[in-house]
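Colleague: Input: one structure, supplied below.
The values are calculated or read from the model by the stated rules, or taken from the named source; none is laboratory data. The structure displayed is predicted, hence computed values, not measured ones. All Cβ positions, glycine included, derive from the backbone under ideal geometry; neighbour counts span all protein chains shown.
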Amino acid sequence: MADAEYTPPKVWTWNKENGGPFASINRPTAGAQTERELPVGEHPFQLYSLGTPNGQKVTILFEELLAAGHSGAEYDAWLINIRDGDQFGSGFVAINPNSKIPALLDRSGPEPIRVFESGAILLHLAEKFGAFIPTDPRGRAECLSWLMWQMGSAPLIGGGFGHFYAYAPIKIEYAIDRYSMETKRLFSVADNRLAESRFLAGDDYTIADMAVYAWFGLLYRGLAYNDAGEFLSMHEYTNVGRWVEEIGARPAVKRGQKVNVATGLRERHSAADFDSLETA
Ligand SMILES: N[C@@H](CCC(=O)N[C@@H](CS)C(=O)NCC(=O)O)C(=O)O
């Protein structure tokens with residue numbers, strides 16, 4: 001196997017594109033590549049994003065906040081097309097130096113506040129509106145724990161399993177084994193938790209459920225990474241399935257999943273159409 005014969009040089013240098021569908025936008029350096037201002041609308045929140053799972057986390061929360069009567073949560077959703085390199089425009093990089101969606105500009109106060117990383121955006125909004133985050137110390141700790149669990153584990157699923165199973169130009173058994181095992185282990189963690197609890201943080205639906213659902217709902221239904229549901233035996237996770245059904249039936253969740261879906265790029269709810277590039 002070609003990959004087994006590779007001997008790393010003393011010093012790695014970027015001397016070729018590494019193949020795969022995202023090769024043309026992957027770079028080993030950060031920072032703006034073009035001068036491009038971002039549009040600004042009339043609402044208190046300006047969201048620059050795309051309808052991938054990481055993007056959907058935030059639009060699900062916005063829609064839930066609006067459905068719960070928080071009229072101050074009105075937002076403008078601007079499409080950032082990551083396959084066209086919109087994330088490397090100067091305006092976007094000023095809001096997220098990491099050049100990944102989602103990015104938020106909170107213009108509800110006297111000075112605009114930038115927020116990047118989907119978990120930070122969820123926390124910022126939940127705290128601002130006092131919603132979808134428990135106020136008692138135990139519930140809050142449980143909610144933040146599951147939220148951070150999701151943020152830490154998404155790269156293993158997207159950048160690990162999804163990348164090597166669906167996107168890598170060569171199939172590497174070692175990598176697919178490693179990340180399939182880890183993805184299944186993560187589903188097992190959630191399944192055990194949801195066997196004892198209606199929602200991840202307890203009896204109440206929180207931002208932790210929104211964050212995990214955006215990823216797990218898609219995988220559980222076999223809609224991500226070349227329909228990998230069968231490959232990963234998703235039917236084994238019955239408690240996740242019960243929770244996916246309950247959350248997926250919420251009107252705000254359905255609405256949130258439709259925002260910033262680029263026609264052409266995101267017209268199918270499957271395979272590469274609803275997942276991320278490199279997760280960070
Ligand atoms: N940890 C970040 C990950 C965000 C992320 O990976 N976004 C992907 C799309 S889902 C992206 O913008 N990729 C563009 C790129 O890698 O250039 C978060 O949760 O906000």
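Colleague: Working carefully through the options GLU111, GLU127, GLU117, find the one that is under 22 Å from LEU47 (Cα atoms), within 11 Å of the ligand (Cβ to nearest atom) and charged (D, E, K, R). Full working, then the answer.
Modeller: Numbers: GLU111 fails: within 11 Å of the ligand (Cβ to nearest atom); GLU127 fails: within 11 Å of the ligand (Cβ to nearest atom).
That would be GLU117, the only listed residue that is under 22 Å from LEU47 (Cα atoms), within 11 Å of the ligand (Cβ to nearest atom) and charged (D, E, K, R).
Colleague: Moving on. Go through the stretch 233-245 and give me each residue that's of a type in the set (D, E, K, R) and more than 20 Å from the chain's Cα centre (by Cα). Before you say what the answer is, go through the steps one by one.
Modeller: First, the residues of the stretch 233-245 that are of a type in the set (D, E, K, R): 236, 242, 245.
Of everything in the stretch 233-245, those that are of a type in the set (D, E, K, R) and more than 20 Å from the chain's Cα centre (by Cα) turn out to be GLU236, ARG242.
Colleague: Scan (1) more than 16 Å from the ligand (Cβ to nearest atom); (2) surrounded by 18 or more Cβ atoms within 10 Å (Cβ to Cβ); (3) basic (Lys, Arg); (4) closer than 27 Å to PHE22 by Cα for the single condition LYS184 breaks and write down its number.
Modeller: With (1) more than 16 Å from the ligand (Cβ to nearest atom); (2) surrounded by 18 or more Cβ atoms within 10 Å (Cβ to Cβ); (3) basic (Lys, Arg); (4) closer than 27 Å to PHE22 by Cα applied to LYS184, the lone miss is (2).
Colleague: For ASN96, all conditions in the list (1) over 24 Å from GLU17 (Cβ atoms); (2) within 15 Å of the ligand (Cβ to nearest atom) hold save one; what is the number of the exception?
Modeller: Among (1) over 24 Å from GLU17 (Cβ atoms); (2) within 15 Å of the ligand (Cβ to nearest atom), ASN96 violates only (1).
Colleague: Restricting to the stretch 33-61, what's the tally of residues that are touching a Lys or Arg at 6+ places or on another chain (Cβ under 9 Å) and away from the ligand (no atom under 12 Å from the Cβ)?
Modeller: Counting residues in the stretch 33-61 that are touching a Lys or Arg at 6+ places or on another chain (Cβ under 9 Å) and away from the ligand (no atom under 12 Å from the Cβ) gives 7.
Colleague: Quick one: which of ALA168, ALA211, ALA224 is modelled with pLDDT of 95 or more and of a type in the set (A, V, I, L, M)?
Modeller: Sole residue among the options that is modelled with pLDDT of 95 or more and of a type in the set (A, V, I, L, M): ALA211.
Colleague: With respect to ALA175, determine if the residue is more than 18 Å from MET234 (Cα to Cα), exposed (fewer than 15 other Cβ atoms within 10 Å of the Cβ) and away from the ligand (no atom under 16 Å from the Cβ).
Modeller: no
Colleague: Here's another thing I want to ask about it. For the stretch 121-173, which positions are free of Cβ contacts under 8 Å to residues at least 40 places away in the same chain, within 22 Å of LEU219 (Cα to Cα) and either touching a Phe, Trp or Tyr at 6+ places or on another chain (Cβ under 9 Å) or not assigned by TED's automatic domain parsing to the domain that holds ALA228 (or both)?
Modeller: Correct list: SER153, LEU156, GLY160, PHE164, LYS171.
Colleague: I'm trying to understand the selection: among the residues of the stretch 81-104, which are assigned to a strand (DSSP E or B) and surrounded by fewer than 22 Cβ atoms within 10 Å (Cβ to Cβ)?
Modeller: Step one: list which residues in the stretch 81-104 are assigned to a strand (DSSP E or B), which gives 89, 103-104.
Matches in the stretch 81-104: GLY89 only.
Colleague: Checking ASP84 against (1) touching a residue at least 24 places away in the same chain (Cβ under 8 Å); (2) within 16 Å of the ligand (Cβ to nearest atom); (3) more than 30 Å from SER188 (Cα to Cα): exactly one of these is not met. Which one?
Modeller: (1)
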